[in-house]
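Q: Sharing a structure with you now.
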Amino acid sequence: MISLTHPPQISFLPTNSPFPTRNCGGGGVFLPPHCRSKYNGGKCFAADRTHPQPQGSGRQSQRPRKKSPPPDSDKKDGIDPAGFLAKHGIANKAFAQFLRERYKALKDLKEELFKQYYELQELVSGYEILGMHRNVQHRVDYMDWAPGARYCSLVGDFNGWSPTENSAREGYLGHDDYGYWFVILEDKLRDGEEPDEVYFQQYNYIDEYDKGDSGVTVEEVFQKANDEYWEPGEDRFIKSRYELAAKLYEKIFGPNGPQTEEELEEIPDPKTRYEAWKEEHKDDPPSNLPPCDVIIDDEKEDDEFEVVTDPAWREKFKNKKPPIAYWLETRKGRKAWLKKYIPGIPHGSKYRVYFNTPMGPLERVPAWATYVIPETDGNQSYAVHWEPPPESAYKWKHKHPRKPKSLRIYECHVGISGQEPRVSTFNEFTKNVLTHVKEAGYNAIQLIGVLEHKDYFTVGYRVTNFYAVSSRYGTPEDFKRLVDEAHGLGLLVLLDIVHSYAAADEMVGLSFYDGSNDCYFHSGKRGHHKFWGTRMFKFGDHDILHFLLSNLNWWMVEYQIDGFYFHSLSSMMYTHNGFATFTGDIEEYCNQYVDKDALLYLVLVNEILHILHPNVVTIAEDVTLYPGLCESTSQGGLGFDYFVNLSASELWLSFLENVPDQEWSMSKLVSTLVGDKCNVDKMLLYAENHNQSISGGRSFAEILFGSANTEVALLRGCSLHKMIRLITFTIGGSAYLNFMGNEFGHPKRVEFPMPSNNFSHSLANRCWELLEDGSHKKLFAFDKAMMKLDIDDRVLLRGSRGLPNIHHVNDTTMVISYLRGPFVFVFNFHPTNSYERYSIGVEEAGEYQIILNTDDGIYGGQGLIDQDQYAQRTINRRTDGARFCVDVPLPSRTAQVSDVKYYAFTTHLYSQISWLTNLLGLNPDIAMPRSSYADVLKLNEFRACDAFWVLDLSMYMMHGATPGLSSLL
């Protein structure tokens, strides 16, 4: 029989992981840092050590000595629980103490979790054992967590919905003390087929699904292994495994052994016995047994022996691989399995889990189900066993795109993505929408409403089944194809995830899952959202953490998702669900209303996701802007990559609906869009997302020109639509979001079918035909040009630390201007006033060329700026705190983006000519000011070829060789 070694324990943690690791080897004992000490001659007891005596008189001072503080290991590791406070100049002792206590609680939580779970991968891979899984030994295993249940079974169309046929059996690991239930569904033997020869016969259902039965028996494979794997002599104790035990038994209890206690001699010490054995076997012939010897040192105490082996044999044994290949050879293929067995639960079977609870018998859709049909047409919800045959399972074709430094997110809802008034599918979205997103210039899509939810009108925010894609859009294979095709187009796929609350449904959801009120959620008032009627997770429970953390990893592994948009974090971070008045006092973020368990969960989420999936993108939607959202967890933050500025869209909506155009405050607008200046570079901005057009409101396009019946009203609406998007896109951080259809001014709101509209789909779609319309086509052209600013020129990454320099905000003229690298952005929001020459400060001299103008005719504007006005040269006059200025034409309700020309060249030219004039001893007064070099290049006084000659000459004199700069330029 083959002896198989245990599979090696592989740690999935990097060396600098914040999570504890365990000793996975068998060669030594590893102590925690505070237990390690230097090896001191093998003496491990305090009595064996010598202690230094205090010098001086024998009388010691009674005055207690001040103990030196222990070294802060966290500081050495670069961990400061309140580090980001000093970074941003925040001085609040109460909040700093709160962060330190939270860090200590996090360390304690990690230690507790890793007492229960062997390693990080096990903590976040619950989906590998919980739920329904095909076992290699011709059966299906089902495991679930329901601590309040007394009895568990599976019911479905495969067993006539019988609650007794497939139940968790006592004595078969059917139930443990922690609330986990285990049900085995044995495959049924076909008529005329014989059972497998061995009970451990395995089948390979996927990799070699076309392989049948080779006809080789298990005994033949094991005999082959014994003949080929073991060398002569090594298999001695395999063939006669009881030889040693029999000899020992015969020596002690055999006929020649001691018959009485007096005849039983005193057992000699190990040294004497070993020397006697060595003397007895000194003439034995050579053997393939491990060549070992024992070195006995009489000077050492406590019978310490050193075992040595032959180095050549040790290396040979180290390189010897375990005979797993022979074990795998015993596996049979899928054809052999289907020939002999009928699946206990076929692919596509309907099923539910049946519990007997103190509340009585209950049927539930399993919490870990991966495909669910929600309640429709009066039929009860049920799960579907999804186990497609390998030939029809989707096979991935594309790798993940590279994580971009700036995000341009296209937010989508699959169900309303079609043109017809019905629920669209994953396949239709893949075919029709993905190409449009790529053409529009976005580099990521964000999908909402993908997780299974019973009520369509909830837009997917009342999730019932966290591991299942919504069946109303298609199958899991269809969704995999969508993600794969998006990756093939270079698009990231982000998922709008809702872990802050869950649906209150019982049959299909998690509420009262096992008959108890506190299985997955808090009991009492804390377990219910104060306004939305949803249930609140119990984040302090380890099994809930296991469920939610595994859920995130499931979407990353099974569906290759690139990141998550965490919805409504304020609902989970506060016991008042974020519905409280915030005055701005920082102590409101650490008072009694803060849910510390929820914060610990968010820290764990970001640490684990970024360890297992380094390129993951995590976005936090928190209306309260909790301090440290995007700070590193090692510095006291929550670890998100981006946070959402929700105030921006609310301000735009307030301006459009309640404030006359001439009363818009530019200062308020800028301060709201910029938000928290500490983390502007990690801010995600949007003018409007699905909230503005779904939550009972109107889209901006509907407000601006939905009912416009004059050309003036239409021009106003289109102008503001472009300006709002341009300033929102370019004034903030490195991430921007747009909801599907708003890029071309979709004129209708979204209204999902519900009782109030007679379940109509008339507004639950997108009017893609408008892209052929004049005004909407021009708005889409402007949005593409706007995206091109970042595609070609990386405008979202420009500026100091990736932030714009906002240097001109005038509430009287209603003009805003800011700089991002060589680009100048100017906005005139005034409804009537136009400016022929408006002075704007710039840092660099040169000629500024308009590269994007909202008033351009191709974008639906009036074309008031002539082509000869597109280029403006700088003036050597300090303006807006800048060294130079440029006078730009600025019609009302227009915006323009300018790029400085000759910037790099003139800078180099200025330095080279200055060096050359000094070298030749020329009068420095003849050197032109730096601002004039760009002008010179436009005049006949100094031709460009002369400038190149001067550069080449100066480079030749400096380096001794002509670099050919003119040819390069």
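Q: Report the full-extension gain for the segment L328 to E219: residue separation times 0.36 nm, less the Cα-Cα distance, to one decimal in nm.
A: Going from the current span to full extension adds 37.9 nm.
Q: Of the listed pairs K93/K115; K340/K454; K335/K397; K340/K395, which have alpha-carbon separations greater than 29 Å here?
A: K93/K115; K340/K454
Q: Okay, moving on. Could you work out how far apart the two model spin labels at V307 and K271 are, taking each label as a point 7 Å from the Cα in the direction of the beta carbon, and quote it in nm?
A: Inter-label distance under the simple model: 2.0 nm.
Q: Across 5 Å bins from the origin, how do the percents of Cα pairs in the stretch 738-865 run, short distances first?
A: Distribution as computed: 2, 8, 14, 15, 17, 15, 10, 7, 5, 4, 2, 1, 0 percent.
Q: Taking the dipole about the Cα centre of the stretch 632-687, with the C-beta of Lys and Arg at +1 and of Asp and Glu at -1, give me whichever of Y686, N658, G637 is farthest to the positive side.
A: Working it through, the farthest residue towards the positive pole turns out to be G637.
Q: Measuring from label point to label point, each 7 Å out along Cα→Cβ, what is the R314 to N256 span in nm?
A: Roughly 3.7 nm, to one decimal.
Q: Taking a probe of 1.4 angstrom, what is the accessible area of L189 in Å², to the nearest 10?
A: Spelled out: L189, probe radius 1.4 Å, area about 70 Å².
Q: Could you list the residues of the stretch 874-892 with an amide nitrogen less than 16 Å from a label point located 7 Å from the Cα of N833 in the Cα-to-C-beta direction?
A: 888-892
Q: Residue by residue through the stretch 129-139, what is 3J(HN,Hα) from phi via Karplus (6.51 cos²θ - 1.76 cosθ + 1.60, θ = phi - 60°)? Round to whole Hz and write x for glycine and proline.
A: Once rounded to whole Hz, the list reads 10, 8, x, 9, 9, 6, 8, 5, 9, 6, 7.
Q: Per-residue counts of other Cβ atoms within 10 Å, averaged by peptide: what ranking do you get for 265-277, 191-203, 496-508, 359-371, highest first? Don't skip to the answer; put the middle values down first.
A: Working: 265-277: 10.4, 191-203: 12.1, 496-508: 22.2, 359-371: 20.0.
In descending order of packing, they fall as 496-508, 359-371, 191-203, 265-277.
Q: Given the peptides 250-262, 853-865, 111-123, arrange them by the average over their residues of other C-beta atoms within 10 Å, most packed first.
A: Highest-to-lowest ranking by the protection proxy: 853-865, 111-123, 250-262.
Q: For a quick check: with amide H placed at 1.01 Å from N, whose amide H comes under 5 Å from Y341's, ignoring anything fewer than 5 positions away on the same chain?
A: Result for Y341 returns R190.
Q: Can you give the Rg and Dmax of the stretch 614-663 based on its C-alpha atoms, in angstrom?
A: Gyration radius and largest Cα-Cα distance of the stretch 614-663: 15.6, 48 Å.
Q: Here's another thing I want to ask about it. Looking at the stretch 390-548, what % of the alpha carbon pairs are farther apart than 27 Å?
A: 35
Q: Same structure, new question: Below 13 angstrom from the Cβ of V795, what's the summed charge of the other residues (Lys, Arg +1; Asp, Glu -1)?
A: Cβ neighbours under 13 Å give a net charge of +2.
Q: If you take every residue apart from E769 with its C-beta less than 14 Å away from the C-beta of E769, what net charge results, scoring Lys and Arg +1 and Asp and Glu -1? Show your work: numbers first, answer last.
A: Values: positive: K748, R766, K777; negative: E420, E772, D773.
Taking every other residue near E769 into account, the sum is 0.
Q: Can you compute the FRET efficiency between N658 and C767 using 1/(1 + (r/R0)^6), with r the Cβ-Cβ distance and R0 = 35 Å? Round to the nearest 0.05. Working shown, then result.
A: Numbers: r = 28 Å, r/R0 = 0.79.
So, using R0 = 35 Å, E works out to roughly 0.80.
Q: Assuming 0.36 nm per residue, please report the length gained on full extension of the stretch R422 to N591 beyond their Cα-Cα distance.
A: Full extension of this stretch gives 56.1 nm more.
Q: Right, another one. Going by amide H atoms built from the backbone, whose H comes under 5 Å of the H on A468, apart from near neighbours?
A: Amide H neighbours of A468, under 5 Å, 5+ apart: E452.
Q: Could you order the peptides 880-891, 153-164 from most to least packed, using the average number of other C-beta atoms within 10 Å per residue? Walk me through the numbers on the way to the answer.
A: On the way: 880-891: 19.8, 153-164: 17.7.
Going from most to least packed, we get 880-891, 153-164.
Q: From the phi angles alone, apply the Karplus equation (6.51, -1.76, 1.60; θ = phi - 60°) to the stretch 725-735 and give each ³J(HN,Hα) in whole Hz, x where the residue is Gly or Pro.
A: 6, 5, 6, 5, 5, 10, 8, x, x, 9, 9
Q: Would you mind checking the radius of gyration and Dmax of the stretch 343-459 based on alpha-carbon positions, in Å?
A: Both quantities, over Cα of the stretch 343-459: 18.8, 58 Å.
Q: Could you work out the per residue convex hull volume over the alpha carbons of the stretch 583-628, in cubic angstrom?
A: That works out to 77 Å³ per residue.
Q: Please list 3J(HN,Hα) in residue order for the stretch 387-396, calculated via the Karplus relation 6.51 cos²θ - 1.76 cosθ + 1.60 where θ = phi - 60°; whole Hz, with x for glycine and proline.
A: Once θ is set to phi - 60°, the couplings for the stretch 387-396 become 9, x, x, x, 5, 10, 6, 6, 10, 5 Hz.
Q: Right, something else. Around K87, under 12 Å between beta carbons, what's the net of Lys plus Arg minus Asp minus Glu among the other residues? Each step should come with its number before you reach the end.
A: Values: positive: none; negative: D80, E631.
The answer is -2.
The values are calculated or read from the model by the stated rules, or taken from the named source; none is laboratory data. Remember, it's a predicted structure, so these values are computed and weren't measured experimentally. Quick reminder, even Gly has a Cβ in these numbers, built from the backbone with ideal geometry, and neighbours come from all protein chains shown. These accessible areas exclude ligands, DNA and RNA; they are computed on the full protein's heavy atoms, side chains included. Shrake-Rupley method; radii C 1.70, N 1.55, O 1.52, S 1.80 Å.
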